[in-house]
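The values are calculated or read from the model by the stated rules, or taken from the named source; none is laboratory data. Treat the numbers as computed from the prediction; the structure is a model and nothing was measured. Methodologically, a virtual Cβ is constructed for each residue, glycine included, from the backbone with ideal geometry; neighbour enumeration extends over all protein chains shown.
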Ligand code: NAD
């Protein structure tokens, strides 16, 4: 890609707030800059919404709700499907835009466009499959009718690490269910969402059904929206501390909430694993998205008989990685999102080394422009190290050894998080025992990547509430009503 292509793409991306079907400036006239983390340079200046703009967006979502919720399911489905088709036509532009604002290598950005698009296609198919129930009560005195209804206007808050897929994973099921939305993307990476919303507009979405607000003041803008009685649902993806504070605010209106929060995934490799598969899976689970995924392997827990061989092989692979701007061909590792992310990786690695871990490769921030941290492997990580407790969110693969299955389960479950676990074993019974013993909402059994629009994505424990995707996803935006009517023959 050359600079002219990048500039002409950026010129097509809207820079305003999208409220009631109109792109407009912030009421204060204020703007915020979006930067490319591989260079630190501003790539686009966009509107910086005030709390009043946030309320205007909620007004629009509320006004559009009655008509949208009564729009035939088939029409809503076709709207989503048209948007999916438009997205696929422009896959390459979306991938480039995402790489520019977030930093992931272009090949990974293309995979995110495909993954993100699947939520539109999947939920276009689910739209027409929402069903109720009709039947006799056990006493035989009446008929029980159960119907499904959209919950109402929703507020969707998304993080910076998957700038497109986190938006489609929420907007898809919300529109499918008949809800209207206000979406607030992260200020670090709002452009993919704004470009996606432009596609919804092109697909003919009625005014006010989707509204977008970008802001540097997330807390101040969000709180009045969450406290407004017209809002009926809050769906959040982001860090656990912010999720906790939003749940406390949502308690005020007893809002439905979906919370996709942080992770601290154990990646367990038994002596009887297929080591080729385990190494491939480890590389994918750790270095996808430069380690900045809630599903990233955080603690590589490897049985003593294979730990040295596993460590040697992952280290060899990591040494071959090329770091650079994600738009350049052959790049495996892009920049971290900002300086804070680099400082955190430095702190976690330094703490682990100070407590006795061994550095196998990498381990440092780089001097080049942009916010880069070397792909890193550390082994012999000692209990009590911060890196075992905290979400790393960077390209650092940390290895600890274990002795037996009981030990592996204990170490893996020793965290307040419970999003995902990975297990490598060729022993079927052991694999089944691990499915039942590990306290996570998802598991990769002999695979390092599990995300799929057809599957229920979500966590246990402090990793969250609710599920996105799968048959479950649409029900997060529906509420049931039970009606009893007397037996018509009596
Ligand atoms: P974050 O919590 O800092 O921000 C997430 C979103 O919340 C952003 O849009 C941000 O602007 C907004 N926000 C921040 N403070 C707010 C407040 N007080 N009120 C309202 N909104 C507020 O998280 P992040 O750094 O953008 O994302 C990384 C985190 O997201 C990691 O912990 C990661 O594990 C998690 N994540 C989870 C999933 C999942 O599906 N479980 C997926 C992706 C990311």
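Observations
- Any hit, region 270-281, residues being within 13 Å of the ligand (Cβ to nearest atom) and either touching a helix residue (DSSP H, G or I) at 6+ places or on another chain (Cβ under 8 Å) or not assigned by TED's automatic domain parsing to the domain that holds residue 225 (or both): no
- Cross-chain or 6+ apart pairs with Cβ under 6 Å, region 181-193 first and under 20 Å from residue 12 (Cα atoms), then in a helix (DSSP H, G or I): 185/193; 189/101; 189/102; 191/97; 191/101; 192/97; 192/98; 193/167
- Candidate set: region 169-185, residues that are closer than 15 Å to residue 47 by Cβ and near the ligand (Cβ under 10 Å from one of its atoms); chosen: the one nearest to the chain's Cα centre (by Cα): 185
- Residue within region 58-70 that is more than 16 Å from residue 177 (Cβ to Cβ), at pLDDT 95 or above and either outside the structural domain of residue 148 (by TED's automatic domain parsing) or surrounded by 22 or more Cβ atoms within 10 Å (Cβ to Cβ) (or both) present: yes
- Residue that is at pLDDT 95 or above, over 24 Å from residue 341 (Cα atoms) and in contact with a helix residue (DSSP H, G or I) (Cβ under 7 Å, 6 or more places away or on another chain), where the choices are 377, 409: 409
- Filtered residues of region 172-185 (kept if closer than 16 Å to residue 159 by Cα and outside any loop (DSSP other than H, G, I, E, B)): 182, 183, 184
- Residue list for region 222-261, restricted to those being within 10 Å of the ligand (Cβ to nearest atom) and more than 26 Å from residue 420 (Cβ to Cβ): 222, 223, 225, 226, 249
- Of all residues in region 186-198, those satisfying the criterion of being closer than 18 Å to residue 338 by Cβ and within 12 Å of the ligand (Cβ to nearest atom) are 186, 187, 188, 189, 190.
- Hits in region 415-431 (condition: touching a residue at least 12 places away in the same chain (Cβ under 8 Å) and away from the ligand (no atom under 16 Å from the Cβ)): 423, 424, 425, 426, 427, 430, 431
- Odd one out for residue 81, checked against (1) under 30 Å from residue 38 (Cβ atoms); (2) part of a helix (DSSP H, G or I); (3) touching a helix residue (DSSP H, G or I) at 6+ places or on another chain (Cβ under 7 Å): (1)
- Residue match in region 450-463 (condition: under 18 Å from residue 273 (Cα atoms) and either surrounded by 17 or more Cβ atoms within 10 Å (Cβ to Cβ) or touching a residue at least 24 places away in the same chain (Cβ under 8 Å) (or both)): no
- Residue within region 400-408 that is assigned by TED's automatic domain parsing to the domain that holds residue 269, touching a residue at least 24 places away in the same chain (Cβ under 8 Å) and under 24 Å from the mean Cα position of the chain (by Cα) present: no
- Check on residue 367, surrounded by 20 or more Cβ atoms within 10 Å (Cβ to Cβ), over 20 Å from residue 275 (Cα atoms), away from the ligand (no atom under 16 Å from the Cβ) and over 27 Å from the mean Cα position of the chain (by Cα): no
- Residue list for region 186-202, restricted to those being farther than 14 Å from residue 36 by Cβ and part of a helix (DSSP H, G or I): 193, 194, 195, 196, 197, 198, 199, 200, 201, 202
- Strands (runs of 3 or more DSSP E) wholly inside region 321-405 containing at least 1 residues that are within 24 Å of residue 418 (Cα to Cα) and in contact with a strand residue (DSSP E or B) (Cβ under 9 Å, 6 or more places away or on another chain): 376-379, 396-402
- Residues of region 432-460 satisfying the condition of being part of a strand (DSSP E or B) and more than 12 Å from the ligand (Cβ to nearest atom): 443, 444, 445
- Test: residue 361 is within 19 Å of residue 283 (Cα to Cα), surrounded by 15 or more Cβ atoms within 10 Å (Cβ to Cβ) and over 27 Å from the mean Cα position of the chain (by Cα): yes
- Those residues of region 52-74 which are in contact with a strand residue (DSSP E or B) (Cβ under 9 Å, 6 or more places away or on another chain) and either without any contact (Cβ under 8 Å) to a residue 24 or more places away in the chain or not in a helix (DSSP H, G or I) (or both), in sequence order: none
- Residue in region 305-327 that is within 16 Å of the ligand (Cβ to nearest atom), under 26 Å from residue 165 (Cβ atoms), modelled with pLDDT of 95 or more and surrounded by 19 or more Cβ atoms within 10 Å (Cβ to Cβ) present: no
- Set side by side, the residues 208, 204, 219 differ, and just one is away from the ligand (no atom under 11 Å from the Cβ) and surrounded by fewer than 16 Cβ atoms within 10 Å (Cβ to Cβ), which is 204.
- Qualifying positions in region 182-199 - surrounded by fewer than 23 Cβ atoms within 10 Å (Cβ to Cβ) and in contact with a strand residue (DSSP E or B) (Cβ under 7 Å, 6 or more places away or on another chain): 187, 197
- Selection count, region 1-27, where residues are loosely packed, with under 13 Cβ neighbours inside 10 Å and part of a loop (DSSP other than H, G, I, E, B): 1
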